[in-house]
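Accompanying notes for the structure given below.
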Amino acid sequence: MIRFVFLLALAMSLLLLPATAAEIVIFEDLLVEIPLSEGWALHLEPPDALVKEMAAHVAHEPAAANAGATQIEKVTRKRMAANEAFVYHAASGAHLEIDFSPLEQGASAPSTKTLQTSAEYAAQSLEGEEDVSNVVWEVIPVKIQGAREAFQLVADYQQHDSPVKFVGTIGYVQGYWFFLYFTDPSQKPEVFEEMQEMLGKLVVRHSTH
């Protein structure tokens with residue numbers, strides 16, 4: 001009986017494991033571990049399909065009025081290169097941008113209020129974009145394993161008359177701000193749920209090497 005219970009528990013634990021997991025070296029002393037559900041892939045450079053998708057939005061910017069497609073894609077790729085990694089869902093176009101920024105020399109660690117205000121500013125910035133409308137948002141505290149604390153902006157809006165789901169997590173781990181920006185143009189509940197599950201298991205940790 002005991003052996004049966006052990007085997008059942010082992011089988012259940014295996015079923016709960018993600019399809020795969022990824023470790024991202026952000027800096028020499030900082031790592032991010034994130035489980036990847038089926039259909040999601042890690043990219044250290046923005047995938048071409050995602051660049052083309054984002055370029056379609058950049059093309060609507062006034063500054064791009066006289067730019068060709070190649071030039072717009074080049075600008076888009078350069079902007080996206082500021083991120084350390086991307087988690088991309090090719091079937092839906094949903095993606096998570098992972099960006100860490102070292103605390104400036106001499107600067108103090110952000111307070112709880114500063115982190116919350118930063119998430120609220122991100123919402124206000126979203127509302128101010130010319131091609132975005134009908135923004136509905138909220139900012140809530142969230143737990144990111146290994147981080148001191150974090151706040152999450154959850155927003156629904158229309159971009160070029162198409163619905164979009166956005167989840168922006170802004171937080172702090174010793175010595176670093178971090179920004180985890182998830183955008184889902186598909187608005188499929190299962191895609192959002194998978195990303196929330198992955199974020200719930202994401203771990204930020206300092207390397208022991």
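All of the numbers you see were taken from the coordinates with simple rules; none came from a lab. Predicted, not measured: the structure shown is a model, and the values here were computed from it. Every residue, glycine as well, gets a Cβ built from its backbone with ideal geometry; the counts of neighbours run over all protein chains shown.
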Can you give the Kirkwood hydrodynamic radius for region 22-67, in Å, rounded to one decimal and based on Cα pairs? 13.4 Å
If the elastic network links every pair of Cα atoms under 10 Å, which of ALA59, ALA107, ALA21 fluctuates the most in the Gaussian network model of the chain? ALA107
Average projected area [Cα convex hull, region 114-209], square nanometres: 6.7 nm²
For the chain, modelled as a GNM with alpha-carbon contacts under 10 angstrom, which of SER125, SER133, SER37 fluctuates the most? SER125
Rounded to 10°, Cα long-axis angle of helix 48-58 versus longest principal axis of the chain: 40 degrees
In Å³ per residue, the alpha-carbon convex hull of the chain encloses 158 Å³
Using the beta-carbon distance between GLN105 and ALA59 and R0 = 41 Å, what value does 1/(1 + (r/R0)^6) give for FRET efficiency, to the nearest 0.05? 0.60
Max mean-square fluctuation residue, GNM over the chain, Cα-Cα springs under 10 Å, options SER162, SER118, SER108: SER108
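Express the relative contact order of the chain as a whole percentage, based on alpha carbon pairs under 8 Å and six or more residues apart in sequence.
Averaging sequence separation for qualifying contacts and normalising by length gives 21 percent for the chain.
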Quick one: check the C-alpha center-to-center distance for region 19-67 versus region 140-209, whole angstrom. 14 Å
Would you mind checking the tilt of helix 2-16 against the longest principal axis of the Cα atoms of the chain, expressed as 0 to 90 degrees and rounded to 10? 10 degrees
Give me the percent relative contact order of region 128-209, please, defined on Cα pairs under 8 angstrom at least 6 residues apart. 26 percent
Tilt, helix 112-128 to longest principal axis of the chain (alpha-carbon atoms), in degrees rounded to tens, equals 40 degrees
